[in-house]
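Contents: one structure, followed by commentary.
The values are calculated or read from the model by the stated rules, or taken from the named source; none is laboratory data. A quick note: this is a predicted structure, and the numbers were derived from the prediction, not measured. Counting neighbours? That spans all protein chains shown, and the Cβs are built from the backbone with ideal geometry, glycine included.
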Amino acid sequence: MDPNTAQLLFFGVIIVIVVGLMFRNGRKRQRDAASMTSGLKPGAEIMTASGIFGTVVSVDEAENRITLQTGPTSEITVHRQAISRIVTPVAEDGTELNGAPVVLDDAAADPAFGERVELAKTDDDDATRPTGGTASKAQGE
């Protein structure tokens, strides 16, 4: 095989791999955007692309507008594409508490910074293991 042909074939394979990875990342972004859009329901806390935090009050599908409550008496209306991420999603089953949607909060499961985690003994190896949350290896303490 001619060295020039081998070099051309090598660059062709590299280009095909790069284009394939670009298509894969594009599909992943579309899937993530679709899942985020489905999570935009009243009661969810979100962050806009400009860094404004707020709670979704209403979603207008026809106009692609979302009304956010940013304070006790202030509301703003933003375009649907201005939402960059959902901070705390709303429960999927539509559970309500006192007329307001229940917001899921997974931060209660993890210990706070500097908080000690209780260690429990297991029957099988007499080693101490953390009972809940994520913790660093603090078995010697």
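Couple of notes before you dig in:
- Qualifying residue in region 87-98 (condition: within 30 Å of Arg29 (Cα to Cα), assigned to a strand (DSSP E or B) and at pLDDT 70 or above): yes
- Taking (1) surrounded by 13 or more Cβ atoms within 10 Å (Cβ to Cβ); (2) among the polar types (S, T, N, Q); (3) at pLDDT 85 or above in turn, Thr73 satisfies each apart from (1).
- Any hit, region 20-28, residues being surrounded by 10 or more Cβ atoms within 10 Å (Cβ to Cβ) and either under 16 Å from the mean Cα position of the chain (by Cα) or not in a helix (DSSP H, G or I) (or both): yes
- Neighbours by Cβ (under 8 Å, 6+ apart or cross-chain): first from region 34-45, on the phi < 0 side of the Ramachandran plot and at pLDDT below 75; second basic (Lys, Arg) and not in a loop (DSSP other than H, G, I, E, B): Thr37/Arg80
- Taking the criterion of being part of a loop (DSSP other than H, G, I, E, B) and closer than 13 Å to Met47 by Cα, the only residue of region 64-78 that qualifies is Thr70.
- Residue within region 106-115 that is modelled with pLDDT under 60, over 19 Å from Thr37 (Cβ atoms) and assigned to a loop (DSSP other than H, G, I, E, B) present: no
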